[in-house]
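Only the coordinates and a few stated rules stand behind these numbers; no lab work does. Treat the numbers as computed from the prediction; the structure is a model and nothing was measured. Neighbour counts run over all protein chains shown; Cβ positions are idealised from the backbone, glycine included.
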Amino acid sequence: MQHAISHIEELKKQLLNLGYFSYQINNIISGNDKAINLTTLSSEQLSDVIEALTNQINFAKDCKNTFICKNYSNSEGERQDSINQRPSSSNK
């Protein structure tokens, strides 16, 4: 059980590094923005949390890679088109 909790903590760090906020990670784990005490979860629930966090990490990495690939057409970094560009603050 402690190994699973340590694994979850590592996955949470990865999500933070990908730009997620703590409340978003808590929402993935518990369905709301409150932190949950992982020691109260069963082994099956911990496995479900690990799966959910891993899926979210994979999704975030796929999105990040897709954005980068669609925005750069060559190694010189020229923009492929304006549709895929992130809106600037002046476009709000």
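Applying a 10 Å radius around every beta-carbon, put 19-27, 57-65 in order of their mean neighbour count, most first.
19-27, 57-65
For region 22-36, take each phi angle, set θ = phi - 60°, evaluate the Karplus expression 6.51 cos²θ - 1.76 cosθ + 1.60, and give the result in whole Hz per residue in order, putting x for glycine and proline.
Values per residue, Gly and Pro as x: 4, 5, 5, 5, 4, 5, 4, 6, 10, x, 8, 8, 8, 5, 10 Hz.
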